[in-house]
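Novice: Have a look at the structure that comes next, please.
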Amino acid sequence: MQYIELKSSLKNNISNGYALVGIDEFLLTKSCELIYNALNLQMPTLNYVKFIGDNLDFLDVVKFLNTMPVFDDKKLAVVNLNVKTTTTNFNALLDYLKHPNEQSILVLVLGDNEKEFKNAISNLMVVDCNRLPEKFVDSFILSELKKSETQIETLALKTLKDYCVCDLTKITSELSKLINFVSDKKLIKNCDVELLVTKTLEFQIYELTENMAKKNKDKVFELLNSLRAKKDTFRTLLPLIYNHFRRLFHVAISKSNKSELSANLGVKEYAITVAFNQSKLFSKRNLKQIVDICDKLDYELKQGIISSDYAIDYLVLKVLNM
C-alpha cells in the first residue's frame, strides 16, 4: 500500500498490524499519526505505547499487545525500528503475529531496515513511505502554504523540490524557514529559495555531474571545493557519484518506461526523471567509460591504493576531457 492510500483505507478497515517502510521520515511519522487518529482513543495514556530506545525486548511489546484495552475498543503499540536499536526475543513477536489480539494494533516503523525484519513483514500491512511522486509533493507544498496564506512562484516551487529532491521531511523544514522569512510579503520567490534552502547532498551530486557533462569547469571546481570543505561528506562522495553514473547508464540503455525503471532500481520516479534528463547529456559510450573508471577507482580506494581526493579529482578531469 502506498502512503497516499493509507488515509482512505483506515476509514474502511484498520488492520491489526502495519509495517511502515521507506526513507521519508515525514511520511513515516505522518502514517503513525493517521493510524493513531483513526483509532480515536479516549484513554491514550492507558492504551497507547511508543517503544523506542537503544534496547528493545519484544516480550514487553507482546505483553502490552496481549492485554485488553481500557475504556477503548482498541489499543496501539508503535515500535520504532528505523533507528539503531538492539532487540531481544524477536521470536516472541513472530509467535504473537500468528495469532494477534484482535483488540490490539501493532505498528512497526522500519524505515529502510525492512530486510532485517522481513520475517515479521509477511504478517503485516506494508505501507510504502518512500518519496511521493511530484504531483503529490506539489499538492502538499501548496496545501501547507495555504495555511499561512503564502504563495510561491512557479520557478521557486521547482527549485525547492529540486534542492530537497522531493523529500517531504526536508521540504517541511525548509518551508517553515521560507514562510517566516517572507513574512508579510506572503510570496516566496526563487531568490528566497536559492538564498535560504540548503541543498541536499543528492541534489549536489546531480548539480556536479550535470556541470561535468556541460564542461562548465569553473562551476565544477566551485562545487567540488564546497564539498571538499565538508570532510566527512567528501570521504563518501565517490561511491555516491559512482551510483549516480550507474543509474544514468542503466536509464540510457534501458527500453523500460519510468515506472518500470523506478521499480527495478528501487528509487522514486522523480529520481528516474532527473536521471533520464541528465543521461541525454552523455553518449552511451561515455557513460560506460565513466562507470568503468568509477569501478576501478572504487576498488583502488577500498584497497587503500589511492585517496578520496585523488580519486575524485581524477574522475572529474577524465569526464571534463571526454
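The values are calculated or read from the model by the stated rules, or taken from the named source; none is laboratory data. Everything numeric here is computed off the predicted structure, so don't read it as measured data. Virtual Cβ from ideal backbone geometry, glycine too; neighbours counted across all protein chains shown. Heavy atoms of the whole protein, side chains included, go into the accessibility calculation; ligands, DNA and RNA do not. Shrake-Rupley method; radii C 1.70, N 1.55, O 1.52, S 1.80 Å.
Novice: Within segment 239-248, identify whether any single residue is in contact with a Lys or Arg (Cβ under 9 Å, 6 or more places away or on another chain) and modelled with pLDDT under 90, and answer yes or no. Spell out the reasoning first.
Specialist: Taking segment 239-248 as the starting set, the residues that turn out to be in contact with a Lys or Arg (Cβ under 9 Å, 6 or more places away or on another chain) are none.
For segment 239-248, residues in contact with a Lys or Arg (Cβ under 9 Å, 6 or more places away or on another chain) and modelled with pLDDT under 90: absent.
Novice: Restricting attention to segment 237-250, does a residue exist that is open to solvent by less than 80 Å² (accessible area, probe 1.4 Å), farther than 21 Å from K199 by Cβ, in contact with a Leu (Cβ under 6 Å, 6 or more places away or on another chain) and touching a residue at least 24 places away in the same chain (Cβ under 8 Å)?
Specialist: So far as segment 237-250 goes, yes, one or more of its residues are open to solvent by less than 80 Å² (accessible area, probe 1.4 Å), farther than 21 Å from K199 by Cβ, in contact with a Leu (Cβ under 6 Å, 6 or more places away or on another chain) and touching a residue at least 24 places away in the same chain (Cβ under 8 Å).
Novice: Answer yes if at least one residue in segment 43-55 is open to solvent by less than 80 Å² (accessible area, probe 1.4 Å), among the small types (G, A, S), in contact with a Cys (Cβ under 9 Å, 6 or more places away or on another chain) and within 25 Å of E25 (Cβ to Cβ), and no otherwise.
Specialist: So far as segment 43-55 goes, no, none of its residues is open to solvent by less than 80 Å² (accessible area, probe 1.4 Å), among the small types (G, A, S), in contact with a Cys (Cβ under 9 Å, 6 or more places away or on another chain) and within 25 Å of E25 (Cβ to Cβ).
Novice: With respect to D309, is the statement that it is under 21 Å from E207 (Cβ atoms), loosely packed, with under 15 Cβ neighbours inside 10 Å and either touching a Lys or Arg at 6+ places or on another chain (Cβ under 7 Å) or touching a residue at least 60 places away in the same chain (Cβ under 8 Å) (or both) true?
Specialist: Working: under 21 Å from E207 (Cβ atoms): yes; loosely packed, with under 15 Cβ neighbours inside 10 Å: yes; either touching a Lys or Arg at 6+ places or on another chain (Cβ under 7 Å) or touching a residue at least 60 places away in the same chain (Cβ under 8 Å) (or both): yes.
Yes; evaluated as a whole, the condition is true for this residue.
Novice: While we're here: Could you tell me whether T87 is among the polar types (S, T, N, Q), assigned to a strand (DSSP E or B), touching a strand residue (DSSP E or B) at 6+ places or on another chain (Cβ under 8 Å) and open to solvent by 40 Å² or more (accessible area, probe 1.4 Å)?
Specialist: yes
Novice: Can I ask one more? When you go through K255, K268, K230 one by one, which is the residue that is modelled with pLDDT under 90, closer than 30 Å to Y3 by Cβ, open to solvent by 70 Å² or more (accessible area, probe 1.4 Å) and charged (D, E, K, R)?
Specialist: K255
Novice: Kindly check whether there is at least one residue in segment 36-46 that is part of a loop (DSSP other than H, G, I, E, B) and β-branched (V, I, T).
Specialist: no
Novice: For the list (1) surrounded by fewer than 17 Cβ atoms within 10 Å (Cβ to Cβ); (2) of a type in the set (F, W, Y); (3) in a helix (DSSP H, G or I), I need the number of the one condition that F71 fails.
Specialist: (3)
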